[in-house]
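Input: a single structure, listed below in structure tokens.
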Amino acid sequence: MLEDLKKDAADRMSKCVVALKGEFKRMRTGRASTSLLEHLKVEYYGAEMPLSQVANVVVEDARTLAVTPWDKSMVPVIEKAIMKSDLGLTPNTAGTVIRLPMPALTEERRRELVKAAKHETENARVAVRNVRRDVMNELKEMLKEKLVSQDDEKRAHEEIQKLTDRYVGEIDAVLAEKEKDLLHV
């Protein structure tokens, strides 16, 4: 019973780390990456579709993404979706290929991105702590109902705290890596 609780806590905490890494993938670092466009949705025959399902997205060089729609009529729709997105990219169209040059990041913009990364990191830490709080409350309930002994509950508390510390450490390591990536010129 306690093992299931710990395993569930570890799963939920690891999902917090994975979600943070996903958020960081969408942050622009000055280099072209197809993950920048993963969250982008386009209107395709009346339905919202992910860009990856209506076009091929490739990295042409270090600072250029190329989007090639499978349907030529999708070119203006994809351009419009890119313009409306929060990426700050300006598409250049040559026939059926849409090129997205990545402008170099200014020092000020890099600092803003680091600030945003720290905010996302804090949200991930809070999510991990919320998992810890939920598990601790479940442990208290189990103790009240006499499903576990006080010793087992205390041991479980310590193990959950160690788990929390481990995942918060992982989150901090992910932030340090992203910060280094953002500030690298």
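Values in this text are rule-based calculations from the coordinates and carry no lab data. No experiment lies behind these values; they were computed from the predicted model shown. Note that each Cβ is placed from the backbone with ideal geometry, even for glycine, and that neighbours are counted across all protein chains shown.
Quick look at the values:
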{"read-out": "J(HN,Hα) series, segment 46-61, from Karplus relation 6.51 cos²θ - 1.76 cosθ + 1.60, nearest Hz, glycine and proline x", "value": "x, 10, 7, 10, x, 4, 5, 8, 10, 7, 9, 10, 9, 8, 7, 8"}
{"read-out": "Potential lengthening between Asp86 and Asp181 on full extension [0.36 nm per residue; Cα-Cα distance subtracted]", "value": "32.2 nm"}
{"read-out": "Over segment 34-101, equivalent-ellipsoid semi-axes from the Cα gyration tensor in Å", "value": "17, 13, 11"}
{"read-out": "HN-Hα J in Hz across segment 106-114 - Karplus 6.51, -1.76, 1.60, θ = phi - 60°, x for Gly and Pro", "value": "7, 4, 5, 5, 4, 4, 4, 5, 5"}
{"read-out": "Diffusion constant of segment 143-185 at 37 °C, which comes from Stokes-Einstein with the Kirkwood Cα-pair radius and 0.692 mPa s, µm²/s", "value": "256"}
{"read-out": "Computed Kirkwood radius, in angstrom, where 1/r is averaged over Cα pairs of the chain", "value": "19.2"}
{"read-out": "Dipole of the chain, positive direction: furthest Cα of Thr64, Ala9, Leu139, with charges on the beta-carbon", "value": "Thr64"}
{"read-out": "Sequence-distant residues sharing a close amide H with Thr64 (under 5 Å, placed H)", "value": "Ala32, Met102"}
{"read-out": "Theoretical gain in end-to-end length, Arg155 to Glu48 [0.36 nm per residue, Cα-Cα removed]", "value": "33.6 nm"}
